[in-house]
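This report concerns only the one structure given below.
No value in this document is a laboratory result; all are computed from the given coordinates. Computed from a predicted model, the values in this text were never measured in an experiment. Positions of Cβ are generated from backbone atoms using ideal geometry, with glycine treated the same way; all protein chains shown enter the neighbour counts.
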Amino acid sequence: MSWRCGIIGLPNAGKSTIFNALTGAGAEVAPYPFCTINPNTGVVAVPDARLEALGKLFKPEKLTPTAIEFVDVAGLIAGASKGEGLGIQFLAHIRDVDLLVHVVRCFTAPDSPHPLSELNPVRDVEVVETELLLADLEILGRQRQKIEKKAKSGEKPAQAALIVLERVEAGLNGGKWAKDLKLSLEDKEHLKATPLLTLKPCLFVANVSEEELHGGPNYRDLKKLAARREVPVIPIVGDLEAELAELPPEDRGDFLAGVGLSEPGIERLIRESYRLLGLVTFYTIVGTEVRAWTVPQGTPAPKAAGQVHSDMEKGFIRAEVMSFDDLIKWGSPAKVKEAGRLHVEGRDYLVKDGEILLFRFQR
Ligand SMILES: Nc1nc2c(ncn2[C@@H]2O[C@H](COP(=O)(O)OP(=O)(O)OP(=O)(O)O)[C@@H](O)[C@H]2O)c(=O)[nH]1
Ligand SMILES: [Mg+2]
């Protein structure tokens, strides 16, 4: 199973540029709007300091990070929810992503014009988000028509679903995202037939110029909006980081230091995306490989074992569990066991972030 982050924003916001910085994939970047039509997809390793530490400790032949996927879709303009621009394709491409990465333009470039003439990040966010809200209202409206009759004729599940739909519609009409309406798991069950965009977690990428990064008014305005909305915002100097991705890894440190950055913005973006997806990383040490794996929070041990191999889930007997800190402290699984810090867990055990797991199973 893989987790997907959809890169959205106005045309010419620099979505493909950020995508290239993330993946080094060389997607087409152009100074004209709607350069991207078919979505570009790339898988990106998640930077992981714990995995690096395990690598130093065990010096395995293979050190395998976990990964998430980024999808670079077409730009969106006002009216997209009614099919303007590439509206229909755009909305279809982001329905099935797990997280929205909203790229907001905070740079000026005379040769790649802003689609709405002048630079104004706060307005840009509103334009894009209005379309997401309208698109959600549209599918909610259609679903309401479908179930209203059933609800009137006394069908209990339809009545319960209708209450939730109406609550979400009222929220969206008031400019609130579905994800911010404090819906219970049961409420969300009623929304299964309507995959809402505004139910997805979201973050902003401020695509900044170097001047903007250090106290520019556009980035400042976007930060204020993000703070009010409690949405994380990550500044990235898009064109510079896309150049960085093309350099050999050993030259990147000097390049970054030259512009006064300690780490690439894309690394923060990947980490923050991973965090917002509510994922947990666990590790396995098998033979000559140390490997990181990803499961959603609250995953039982057999299901986690199934990530490694389906036989392990089917024949699951128990999991032997160590914490990362204990393993680093004692230096080897055997010593962790000697110290009485290895615990044995059964089928109901929920895997926690940072644990090292050994699965015992019947073949
Ligand atoms: N100066 C500057 N130019 C940038 C930056 N990021 C992107 N650009 C330029 O802006 C133009 C559009 O960039 P793209 O990455 O193609 O934008 P997009 O959002 O993918 O556009 P569409 O696919 O058309 O929706 C290109 O000419 C880029 O070189 C940046 O950080 N600074
Ligand atoms: Mg593009």
Task: Residue-averaged 222 nm ellipticity for the chain, from DSSP H runs of 4+ at -39500 (n - 2.57), nearest 500 - done: -13000 deg cm²/dmol
Task: segment 334-339 - phi-based ³J(HN,Hα) in whole Hz, Karplus 6.51/-1.76/1.60, Gly and Pro as x - done: 4, 5, 4, 5, 4, 6
Open item on the list: Between segment 187-207 and segment 130-176, what is the separation of their alpha carbon centroids in Å?
Closed with: 15 Å
TODO: Before anything else, pin down the relative contact order of segment 278-361: Cα pairs under 8 Å, at least 6 apart, normalised by residue count, whole percent.
DONE: 42 percent
- [ ] For segment 191-205, take each phi angle, set θ = phi - 60°, evaluate the Karplus expression 6.51 cos²θ - 1.76 cosθ + 1.60, and give the result in whole Hz per residue in order, putting x for glycine and proline.
- [x] 9, 4, 7, 10, x, 8, 5, 7, 8, 7, x, 8, 9, 9, 10
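Ranked from highest to lowest mean number of other Cβ atoms within 10 Å per residue, what is the order of the peptides 320-327, 342-349, 199-206, 100-107?
100-107, 199-206, 320-327, 342-349
Taking 0.36 nm per intervening residue step and subtracting the Cα-Cα distance, what contour gain separates E263 from K224 on full extension? Could the numbers behind the result be given before it?
Details: separation 39, 0.36 × 39 = 14.04 nm, distance 2.36 nm.
Separation in residues times 0.36 nm, less the Cα-Cα distance, equals 11.7 nm.
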Open item on the list: Taking θ = phi - 60°, what integer Hz values does the Karplus form 6.51 cos²θ - 1.76 cosθ + 1.60 yield along segment 342-359, in sequence order, with x for Gly and Pro?
Closed with: 8, 10, 9, 10, x, 4, 8, 5, 9, 5, 10, 4, x, 7, 9, 10, 10, 8
Open item on the list: For the chain, what does the relative contact order come out to in percent, with C-alpha contacts under 8 Å and a separation of six or more?
Closed with: 18 percent
TODO: For segment 291-363 and segment 232-268, write down the distance between their C-alpha centroids in whole Å.
DONE: 35 Å
TODO: Between T108 and K152, with labels modelled 7 Å along Cα→Cβ, what's the label distance in nm to one decimal, could you check?
DONE: 5.8 nm
TODO: Based on a Kirkwood Rh over C-alpha pairs, give the Stokes-Einstein translational diffusion coefficient of the chain at 20 °C and viscosity 1.002 mPa s in µm²/s.
DONE: 94 µm²/s
